[in-house]
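What follows is a set of notes on a single structure, which appears directly below.
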Amino acid sequence: MMQSMEIIYWNCIIAHGITAFSYFGIPIVIAVLFNKTKTTIPDKFWLAFFLSGGFVLSCGFHHLLAIFEPHSAVSLLHLGVLDIMAFTHP
């Protein structure tokens, strides 16, 4: 029984690690794409651009926190902040 719990624990660590890596990769890919195409963001979209970026990075930090402390108060508080951001996101 103990071995199966350890496998589940490691599966969660691997899943959160892959998800965090993916979230942190999104801004990198967008930056490379913008740099290659010399794309600029119109002035009226800067706020939405930064809010979206902040949301994506916050999601990545949540999964990074969940690797080390999946049920800590900080991780759960951060998840609550993410939920509020998701509902109020433009």
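The values are calculated or read from the model by the stated rules, or taken from the named source; none is laboratory data. Predicted, not measured: the structure shown is a model, and the values here were computed from it. All Cβ positions, even for glycine, are placed from backbone atoms using ideal geometry, and neighbour counts span all protein chains on display. Surface areas here come from the heavy atoms of the whole protein model, side chains and all, with no ligands, DNA or RNA. Shrake-Rupley method; radii C 1.70, N 1.55, O 1.52, S 1.80 Å.
Among the residues of region 31-49, write down those that are open to solvent by less than 100 Å² (accessible area, probe 1.4 Å) and of a type in the set (Val, Ile, Thr).
Selection gives 32, 37, 39, 41.
Given 8, 26, 67, which one is surrounded by 12 or more Cβ atoms within 10 Å (Cβ to Cβ), of a type outside the set (Gly, Ala, Ser) and modelled with pLDDT under 85?
Matching residue, one of 8, 26, 67: 67.
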